[in-house]
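Accompanying notes for the structure given below.
The numbers here are math on the coordinates, done by the rules we state, and not lab data. Remember, predicted model here, so these are calculated numbers, not experimental data.
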């Protein structure tokens, strides 16, 4: 990226932040108009949600297996192996579930959204919609934004369920921890509003952030194949950075 006179990288960064903020306002204004395209919103929920289930479930299972194995070994040093289920559940509900799901979502669904909208820009489909009096923000962008906000908490819940199942396999089935101890300690320590709902709010915000970045990069990309490729890369990078930064801010605020 070349430097602009008097601006430089800092100026370009601030301009991008401002453009993203204005784009968010345009998306929110288009959400009521997008309700007439309800079928498109449902299709996008299936595309970004159901089509992401394989990677979400697979990664959730293996992360749960690793967590169960590592925590059992560490807690055994202090004679606290009975707390494996509790530690796994709290870590997943509060942090790992929403964050890892958002990173996986950005890599799978976010890049697809950016590439799809970027190709619409490159092939003048968005301009053709405007000529036919179809609002691209209401028909293309807003349904994908709503789909991300709706699908992300559901995907995070599935991720958490598979991760807890994986930790149960390791701790109980393999290492011999008592099944009743595993579940009773977990259910007694995990609070629905403090732990579970905080993760739900986080995942909804992360879904909004990832889909906002993805749609913005696709909508504003240069109408070339190279521009679409760069926009797809920026989606993953910016979404990952914003997810981790917002996670810290939300954790500090919610605690």
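Quick rundown of the values:
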{"read-out": "Chain lengthening between residue 173 and residue 58 when straightened (0.36 nm per residue, less Cα-Cα)", "value": "39.5 nm"}
{"read-out": "Cα-based Kirkwood hydrodynamic radius, the chain, one decimal, Å", "value": "19.7"}
{"read-out": "Rg over Rh [alpha-carbon atoms, Kirkwood Rh] for the stretch 13-154", "value": "1.14"}
{"read-out": "Gaussian network model of the chain, Cα within-10 Å springs - most flexible of 70, 217, 44", "value": "70"}
{"read-out": "On Cα atoms only, tilt of 225-254 relative to the major axis of the chain in degrees", "value": "50"}
{"read-out": "Gaussian network model of the chain, Cα within-10 Å springs - most flexible of 218, 13, 64", "value": "13"}
{"read-out": "Highest-fluctuation residue, 43, 144, 121 considered, GNM on the chain with Cα pairs under 10 Å", "value": "43"}
{"read-out": "Gain on full stretching of the segment that runs from residue 26 to residue 245 - 0.36 nm per residue minus C-alpha separation", "value": "76.5 nm"}
{"read-out": "Cα gyration tensor shape of the stretch 111-157, rounded if a/c is under 1.5, else prolate or oblate by comparing a/b with b/c", "value": "oblate"}
{"read-out": "Cα-based helix-to-principal-axis angle, 38-48 vs the chain, degrees rounded to 10", "value": "50"}
{"read-out": "Helix-derived mean residue ellipticity, 222 nm - over the chain, DSSP H n ≥ 4, -39500 (n - 2.57), to 500", "value": "-25000 deg cm²/dmol"}
